[in-house]
Amino acid sequence: MDGNTDFSGVSDECTAEYILSNVAEVVERILTFVPTKSLLQIACVCRLWMNCARRVLRVQQKLTWVSASGPSNYDGHALCHSLAEEVENVYLLPKTVLVMVDSETFSGQDSSHKQKKARKTHHSPDSVEELNRLFPNGCDIMAIATPGVVLTPSGSHSGPPKEFQEGEAGYAIMFPRMEGVDIRPFHFCKRTISESHLEEAGLVNNPDLRVVLLFGYEAYKPGAARFLNQVLEPLARSKALIAGGHVENVFSPERECCGRGSYGVVGLALSGPRIQGASVLLEQDVSSPKAAEATIRRLKAANLPERNTLGFMFACVGRGHNYYNNQRNVEADTFRKVFPNIPLFGFFGNGEIGCDRIVKEDYTLCDTDTDSLQHGYTTVMTLVHLG
């Protein structure tokens, strides 16, 4: 503002109007307190507000999420209802969204025993369309149903994470567009797997690849194991962290290239110099809280910053309280004890993918092959730092 501007004799209302119409520094500061959906509407008021809104959006690069657990008293899954209420209040513009919900209530199938039971189900084209409507056009949404869900409650990075091996639960992690970070969703089935498609997804011939979150579906079908190796072999030779597991179903984006019941993989390829990651494998013999803590503490060696860092827990459906003498939430509680300010997300699935590995600027790595990336009755605990 011009230091010679004289507001004497001018009403406070006129002064405020002048400032909000002409002083970008003040407008921009005010807009940092406005949720993104309202910010996009405000940007239509005038050119000054549009430019200020754009600058605010560029610096809003803090990760956020919405999570929910049931049972829901509303039509639709508890997560869909929570998203409808809370997504308007987030302070970022989502570019990529990772959604996990329990397969028991979302698809009506108990994946632990493969037995169909009479229970409330929410998996329908309407619920998928509802999910897509909640986010901006052009936003990449990857939505997955799993036998169990691990989540941190909405609103607090230091909130206690919870393991849900049964019942209604889910979360949606929202990634904004971030400088120095490229998040590329991918999907391969037997019809689309090829060297050129792997390269297009950033999984091969990509020196900036740092982390791959990879999820297989219909993994028990004949040919699925051989297919998965086609994806894992080049990744095992790369300098990237690979973590994930086998899930029950992928319902967004729609799998138009392969029929119902076909096997495949989906995931997120994270590339960029700002990304760092670390993972440890809780082997089958890790079956006490003390042993779990000793393993998870090895992640401290990576010395990753806590800001803009997520924890992921990909566990076998046979672990959880059944594995720890009926003690619940052992691994999630242990993670919070070691990393009290990092939110934790993940699932209980039908097989785990990952190994001990640290990805930093100096690339402290563990040599591995495709066989040592696939496990059962284990947990892959992972940290991903986005700069």
| Residue list for region 242-269, restricted to those being more than 15 Å from the chain's Cα centre (by Cα), hydrophobic (A, V, I, L, M, F, W, C) and within 16 Å of residue 185 (Cα to Cα) | 251, 257, 265
| Has region 312-329 got any residue that is in contact with a Ser or Thr (Cβ under 9 Å, 6 or more places away or on another chain), at pLDDT 95 or above, over 18 Å from residue 169 (Cβ atoms) and among the aliphatic types (A, V, I, L, M)? | no
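This table checks each residue for (1) exposed (fewer than 14 other Cβ atoms within 10 Å of the Cβ); (2) closer than 19 Å to residue 141 by Cα; (3) modelled with pLDDT under 70; (4) out of contact with any Gly (no Cβ under 6 Å at 6 or more places or on another chain).
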{"position": "63", "(1), (2), (3), (4)": "no, yes, no, yes"}
{"position": "72", "(1), (2), (3), (4)": "no, no, yes, yes"}
{"position": "80", "(1), (2), (3), (4)": "no, yes, no, yes"}
{"position": "84", "(1), (2), (3), (4)": "no, yes, no, yes"}
{"position": "98", "(1), (2), (3), (4)": "no, yes, no, yes"}
{"position": "104", "(1), (2), (3), (4)": "no, no, no, yes"}
| said: Quick check on region 131-152: of everything there that is of a type outside the set (S, T, N, Q), in a loop (DSSP other than H, G, I, E, B) and at pLDDT below 90, which residue is surrounded by the fewest Cβ atoms within 10 Å (Cβ to Cβ)? | reply: 138
| Residues in region 167-184: is at least one over 15 Å from residue 62 (Cα atoms), assigned to a loop (DSSP other than H, G, I, E, B) and not assigned by TED's automatic domain parsing to the domain that holds residue 247? | yes
| said: Can you say whether residue 238 is farther than 17 Å from residue 374 by Cβ and hydroxyl-bearing (Ser, Thr, Tyr), as far as the supplied structure shows? | reply: no
| said: I'm checking my understanding of the structure. Among residues of region 261-315 that are hydroxyl-bearing (Ser, Thr, Tyr) and touching a Cys at 6+ places or on another chain (Cβ under 8 Å), which one is surrounded by the fewest Cβ atoms within 10 Å (Cβ to Cβ)? | reply: 262
| message | When you check residue 353 against the structure, is it at pLDDT below 90 and of a type in the set (A, V, I, L, M), yes or no? | response | no
| said: I need the full set of residues from region 329-340 which are farther than 14 Å from residue 299 by Cα and part of a loop (DSSP other than H, G, I, E, B), in order please. | reply: 329
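The values are calculated or read from the model by the stated rules, or taken from the named source; none is laboratory data. Bear in mind the structure is a predicted one, so any value in this text is a computation, not a measurement. Here Cβ is always computed from backbone atoms with ideal geometry, including for glycine, and neighbour counts include all displayed protein chains.
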